[in-house]
Amino acid sequence: MGKEYGVGIIGTGAIAAFHAIAAESVKGAHLVACHSHTPSKCDAFAADHGNIRSYHDLESFMADDDIDIVMIATPPSSHLEEALSAIERKKKAVVIEKPLEINAERCLEMIRKAEGSGVMLAGIFQSRFFEASKVIKKAIDEGRFGRLTLLDAQFKWLRTQDYFDSVPWRGIKDKVGGGILMNQGIHAIDLMEWFGGDVADVSARTALLGHSGIDVEDTAAAVLRFRNGAIGIIEGTSASYPGFLKRVEICGTDGSAILEEESIKAWQFRDERPEDEEIRKRFSSKTSSGGGASDPMGIAADGHIAELQDVVDALNEGREPFITGREAMKAVALIEAIYKSADEGGKTVEL
């Protein structure tokens, strides 16, 4: 029988509620405490989740020996400081909401510290835990697509001006690392890399077209080349009314599939198998939420629950989590390269 792990959450903003649901739902975990620099928000969050302990300063939070797993749900630029504090306190695991940090250099610093201290580090990419995502990945690994030729990641979402005005740090690059790519579309980009493998180079353009008063992009397009030779296309905007579910399309010489949030909209292979029709029926209308397309909170908590369960199981089994810090860093590094290319007028940038 596995150990029961106490969970503490840093940050009490909108996404923290999903981390709390996960901590309250996972077998082998329980919610212990929360921390925020805004006392009123921290106390209200604690009261809403069973009167857990409320800490207004990070040092007191980290000194709580009942906290084994630290879940970080704060603006990305603060992740490094908070992760290092947890690592220095020898917490058992640190789980960080996307993106892991605002650039790969800062990601790597926390990764090396965690590895050197024996503290588990995991990044949140809940879309990898969708059943449909796993079905596609399994088919890729089995070679059913043949040679991968073209992969597309599309996230044509809507974020209102009030979305940025009400929480100013969302539009400040030094706080979030970027706009539609780093703050919203990173989930689709992570899936694309998970399916396609390592990226060799990229060329891109970005723009700010539908919002004002922010210094991050709200529209982007990129063409990339995977190390296996396949070509990838990324299309993203947060200025597309009314907002559409994210899509990842995978094309190969022997098969193709289209993933739309949690649903599989196309599933065709040269070597049709008996289970293929069942997959088409089972996953054709799997999505039950808005996928965050027009409402940031219009998502389900299932992915966060599955990921925290994996962390707890990994601790009990003495293995790495499904999404390690190094895995979570890959999307950040790719997006950094996209920004560099865009800044240089679309010049090809090698990773």
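Computed from the coordinates by the stated procedures, all read-outs in this text should not be read as laboratory data. Just so it is clear, the structure is predicted and the values come from calculations on it, not from any experiment. Ideal geometry is used to build each Cβ from the backbone, glycine not excepted, and the neighbour counts take in all protein chains shown.
Treat each spin label as a single point 7 Å out from the Cα along the C-beta direction, and report the Ala14 to Lys286 distance in nm.
2.5 nm
Go ahead and run the numbers for FRET between Asp198 and Gln268, Cβ-Cβ distance against an R0 of 35 Å, rounding to 0.05.
For R0 = 35 Å, the calculated efficiency reads 0.85.
Phe244's amide H: which non-local residues (gap 5+, or another chain) put their own amide H closer than 5 Å, with H modeled 1.01 Å from N in plane and none for Pro or chain starts?
Close amide H contacts, sequence-distant or interchain: Lys156, Trp157, Leu158.
Which FRET efficiency, nearest 0.05, do Glu278 and Ser60 yield, Cβ-Cβ r, R0 56 Å?
After rounding, the FRET efficiency stands at 0.60.
For Glu131, Glu4, what ranking results if the residue with the fewest other Cβ atoms within 10 Å of its Cβ goes first?
Arranged by neighbour count, lowest to highest, Glu131, Glu4 become Glu4, Glu131.
Take Thr348, Thr253, Thr74 and order them by how many other Cβ atoms sit within 10 Å, fewest up front.
Thr253, Thr348, Thr74
From the backbone phi of segment 15-24, what are the Karplus-calculated ³J(HN,Hα) couplings (6.51 cos²θ - 1.76 cosθ + 1.60, θ = phi - 60°) in whole Hz, Gly and Pro given as x?
Calculated HN-Hα couplings, in order: 5, 4, 4, 6, 5, 5, 4, 4, 4, 7 Hz.
Spin-label point model (7 Å from Cα, Cβ direction): what's the Asp343 to Thr160 distance in nm?
Going by the 7 Å Cα→Cβ label model, 3.3 nm.
For segment 46-128, count the residues as N, evaluate 2.2 N^0.38 Å, and divide the Cα radius of gyration by that value, please.
1.09
What are the principal axis extents of the Cα atoms in segment 189-270, in Å, biggest first?
49, 30, 15
Cα axis of helix 39-48 to longest principal axis of the chain: angle in degrees, 0 to 90, nearest 10?
Compared with the principal axis, the helix lies near 80 degrees.
Looking only at the chain, where both bridge partners belong to it, what percent of the DSSP beta bridges are antiparallel (to the nearest 5)?
About 55 percent, rounded to the nearest 5.
So I have (1) 20.8, 64; (2) 25.5, 84; (3) 19.9, 59, and one of them is Rg and Dmax of the Cα atoms in Å calculated from this model. Which one is it?
(3)
Among Leu150, Phe45, Gln161, pick out the residue whose Cα is farthest towards the positive end of the charge dipole of the chain, where Lys and Arg carry +1 and Asp and Glu carry -1 on C-beta, about the Cα centre.
Toward the positive end, the furthest listed residue is Leu150.
Suppose R0 equals 41 Å. What FRET efficiency, 1/(1 + (r/R0)^6) with r the Cβ-Cβ distance, do Asp313 and Asp254 give to the nearest 0.05?
0.75
In debye, nearest 20: dipole of the chain around its Cα centre with unit charges on the Cβ of K, R (+) and D, E (-)?
Charge dipole of the chain: 560 debye, to the nearest 20.
Viscosity 1.306 mPa s, temperature 10 °C: Stokes-Einstein D of segment 70-189 from its Kirkwood Cα radius, in µm² per second?
Rounded, D is 97 µm²/s.
As I understand it, the dipole of the chain uses +1 on the Cβ of Lys and Arg and -1 on the Cβ of Asp and Glu, about the Cα centre. Which of Ala93, Ile72, Gly292 lies farthest toward its positive end?
Gly292
If I model a spin label as a point 7 Å beyond the Cα along the Cα-Cβ vector, how far apart are those points for Arg205 and Glu4 in nm?
Spacing of the two 7 Å Cα→Cβ label points: 5.8 nm.
Sticking to Cα atoms, compute the Rg of segment 230-294 to one decimal and its Dmax as the biggest Cα-Cα distance, whole number, in Å.
Every Cα atom of segment 230-294 included, Rg and Dmax give 13.8, 42 Å.
Using each residue's phi in segment 217-223, evaluate 6.51 cos²θ - 1.76 cosθ + 1.60 at θ = phi - 60° and report the 3J(HN,Hα) Karplus result to the nearest Hz, with x for Gly and Pro.
6, 10, 9, 7, 9, 8, 10
By how many degrees, between 0 and 90 and to the nearest 10, does the Cα long axis of helix 186-196 differ from the longest principal axis of the chain?
Around 50 degrees separate the two axes.
From the convex hull of the Cα coordinates of segment 270-351, what is the mean projected area in square nanometres?
Averaged projected hull area, Cα only: 10.2 nm².
List the residues of segment 68-100 whose backbone N lies under 12 Å from a point placed 7 Å from the Cα of Val167 along the Cα-to-Cβ direction.
Only 73-76, 98-99 pass the distance filter.
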